[in-house]
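What follows is one structure encoded as structure tokens, with my remarks underneath.
The values are calculated or read from the model by the stated rules, or taken from the named source; none is laboratory data. All values derive from a computational prediction rather than experimental measurement. A quick note on method: Cβ atoms are made from the backbone with ideal geometry, for glycine too, and the neighbour counts reach across all protein chains shown.
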Amino acid sequence: MYQIIKQILRTGIRTETPPLPDRSLRLNEQQIQQQILQHLGRALAIRHVDAGSCNGCDLEIHALNNAYYNIEGLGIQFVASPRHADMLLVTGPVSRHMAIALKRTYDATPEPKLVVAVGDCGCTGGIFSPDNSGDGSSYASCGKISNVIPVDVAVPGCPPTPTALVQGILAAVTTNAQKK
């Protein structure tokens, strides 16, 4: 034990310097609020559904509520019921036992509804695709989210950054407005 403490004291603290923030990825809050109000006429309500993920994407989604990203300040809020939601934010490959629950959640969301697939597993099946078929299906998994419900926007990454998540959410809102 003493040898480990001596080594720690000899070497000191060895860490990397944190990366500098990328100004191009910072979003203008007023522009985002205007886009959401222009396309929806109200705040965007999101229902998050974990369809079988490893929780890496879920942690990044939870980071959206911290003081740095402050997604509620942008007019975007998370709701507990799909009946109050405008958008489903779905993570993970859809496990077989979650397929019916995801379909029911999708059906309970009122029209017009948006679906955003989050992470590599949600977009392509990720590491859960044993035969590299591209849909990620196996004996325990239905694979990518679009195998079960229609997806409007896919946000790749393992896990995607909170900035990429906000950009994907906004892409879904603006894409839906252009369809109308």
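Of the strands (runs of 3 or more DSSP E) lying entirely inside the range 70-180, those containing at least 1 residues that are at pLDDT 90 or above are 76-78, 87-91, 114-118, 153-155. Within the range 55-90, how many residues are surrounded by 18 or more Cβ atoms within 10 Å (Cβ to Cβ), under 22 Å from residue 106 (Cα atoms) and aliphatic (A, V, I, L, M)? Result for the range 55-90: 7.
Residue 52 - would you say it is crowded, with 18+ Cβ neighbours inside 10 Å and at pLDDT 90 or above?
Taking the combined requirement at face value, the residue does not satisfy it.
Sort out which residues of the range 91-109 are hydroxyl-bearing (Ser, Thr, Tyr) and either surrounded by fewer than 17 Cβ atoms within 10 Å (Cβ to Cβ) or more than 16 Å from residue 79 (Cβ to Cβ) (or both), and write them in order of number. The answer is 91, 95.
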